[in-house]
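A.B. asks: This is the structure I want to talk about, given as structure tokens.
The values are calculated or read from the model by the stated rules, or taken from the named source; none is laboratory data. These numbers were taken from a predicted model, which means no experiment stands behind them. All Cβ positions, glycine included, derive from the backbone under ideal geometry; neighbour counts span all protein chains shown.
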Ligand code: GLN
């Protein structure tokens with residue numbers, strides 16, 4: 001069998017097959033193009049086939065290879081953290097536009113740490129803190145922060161609970177916002193991601209309400225709260241921010257044109 005046939009008979013999406021092949025053999029896409037008609041080295045088939053089988057059961061590529069790219073950097077991931085999404089880069093960009101030199105920034109529910117680490121590395125002058133309730137997630141976030149050399153303060157905390165009386169100029173979050181009965185929870189990659197990182201086990205706005213109400217006593221004057229939410233939650237999120245006394249309340253669209261981030265200034 002040649003290499004083209006090996007990848008084809010895996011039954012996987014072409015890119016997934018190439019990524020998994022690269023991960024287990026060190027041979028990239030260019031190599032595969034050049035060697036597509038060569039007879040497969042049995043050692044390559046032996047490492048590739050089990051990974052392809054895992055992928056066929058639905059396991060996300062990011063968990064199989066152990067990393068996912070976000071904002072141009074590779075983050076370590078495992079099943080204790082959500083896999084970073086390109087949509088979340090919008091939240092990072094909006095926070096960077098609003099966090100001036102020396103600003104203190106807090107990320108709530110940091111997961112892999114992709115948000116605070118990117119903020120710090122894109123703007124070294126920021127003073128960045130991040131919390132997560134899950135000790136296993138914090139280990140991943142700290143691994144990423146040290147691997148990428150980003151100086152960040154991490155706290156194990158139920159939202160603001162462990163932060164004492166600290167105040168911030170910008171608070172960001174990509175909280176669990178999927179409503180408990182949403183069918184997406186039992187489809188695709190989401191089946192393998194931590195349920196507690198995806199759903200609030202309520203109407204989808206449970207954590208968003210806690211984040212907004214806590215932010216009113218945690219933000220410095222003129223501070224911004226910015227958070228990601230579901231495709232149909234933007235109007236509800238703006239109403240919650242308006243009711244909590246925020247100004248300049250608005251939503252921003254992601255790459256697919258969906259209102260994905262909402263925020264306001266206190
Ligand atoms: N902040 C992390 C991310 O955006 C984790 C978010 C989460 O687990 N809900 O990927």
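A.B. asks: Counting only residues that are assigned to a helix (DSSP H, G or I) and over 21 Å from residue 88 (Cα atoms), which one in segment 198-231 is farthest from the ligand (Cβ to nearest atom)?
C.D. replies: The qualifying residue farthest from the ligand (Cβ to nearest atom) is 213.
A.B. asks: Of the residues that make up segment 169-177, is at least one within 25 Å of residue 230 (Cα to Cα), in contact (Cβ under 8 Å) with a residue 24 or more places away in the chain, in contact with a strand residue (DSSP E or B) (Cβ under 6 Å, 6 or more places away or on another chain) and more than 15 Å from the ligand (Cβ to nearest atom)?
C.D. replies: So far as segment 169-177 goes, yes, one or more of its residues are within 25 Å of residue 230 (Cα to Cα), in contact (Cβ under 8 Å) with a residue 24 or more places away in the chain, in contact with a strand residue (DSSP E or B) (Cβ under 6 Å, 6 or more places away or on another chain) and more than 15 Å from the ligand (Cβ to nearest atom).
A.B. asks: Scan segment 77-89 for residues that are crowded, with 18+ Cβ neighbours inside 10 Å and over 11 Å from the mean Cα position of the chain (by Cα) and report the count.
C.D. replies: 1
A.B. asks: With (1) assigned to a helix (DSSP H, G or I); (2) under 23 Å from residue 251 (Cβ atoms); (3) away from the ligand (no atom under 11 Å from the Cβ) as the list, and residue 106 as the residue in question, which single condition is left unmet?
C.D. replies: Exception for residue 106: condition (1).
Listed here are the residues, each with its yes/no results for (1) part of a helix (DSSP H, G or I); (2) surrounded by fewer than 14 Cβ atoms within 10 Å (Cβ to Cβ).
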{"residue": "121", "(1), (2)": "yes, no"}
{"residue": "130", "(1), (2)": "no, no"}
{"residue": "143", "(1), (2)": "yes, no"}
{"residue": "150", "(1), (2)": "no, no"}
{"residue": "169", "(1), (2)": "no, no"}
{"residue": "176", "(1), (2)": "no, no"}
{"residue": "181", "(1), (2)": "no, yes"}
{"residue": "185", "(1), (2)": "yes, no"}
{"residue": "196", "(1), (2)": "yes, no"}
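A.B. asks: What about residue 52, is it crowded, with 21+ Cβ neighbours inside 10 Å, modelled with pLDDT of 95 or more and either part of a helix (DSSP H, G or I) or more than 14 Å from the ligand (Cβ to nearest atom) (or both)?
C.D. replies: Criteria met by residue 52.
A.B. asks: Any residue at all in segment 57-75 that's assigned to a loop (DSSP other than H, G, I, E, B), in contact with a helix residue (DSSP H, G or I) (Cβ under 8 Å, 6 or more places away or on another chain), within 30 Å of residue 168 (Cα to Cα) and within 16 Å of the ligand (Cβ to nearest atom)?
C.D. replies: yes
A.B. asks: Sticking with this structure for a sec: Residues that are within 22 Å of residue 195 (Cβ to Cβ) and touching a helix residue (DSSP H, G or I) at 6+ places or on another chain (Cβ under 9 Å): does segment 93-106 have at least one?
C.D. replies: no
A.B. asks: Considering segment 78-89 alone, what residues qualify as being more than 9 Å from the ligand (Cβ to nearest atom) and in contact with a helix residue (DSSP H, G or I) (Cβ under 9 Å, 6 or more places away or on another chain)?
C.D. replies: Matches in segment 78-89: 78, 79, 80, 89.
A.B. asks: While we're looking at this one, here's another question. Do we find that residue 239 is over 20 Å from the mean Cα position of the chain (by Cα) and assigned to a helix (DSSP H, G or I) in this structure?
C.D. replies: yes
A.B. asks: Let me ask something else. Quick check on my filter: what residues within segment 90-102 are away from the ligand (no atom under 13 Å from the Cβ) and either outside any loop (DSSP other than H, G, I, E, B) or surrounded by 17 or more Cβ atoms within 10 Å (Cβ to Cβ) (or both)?
C.D. replies: 93, 94, 96, 97, 98, 99
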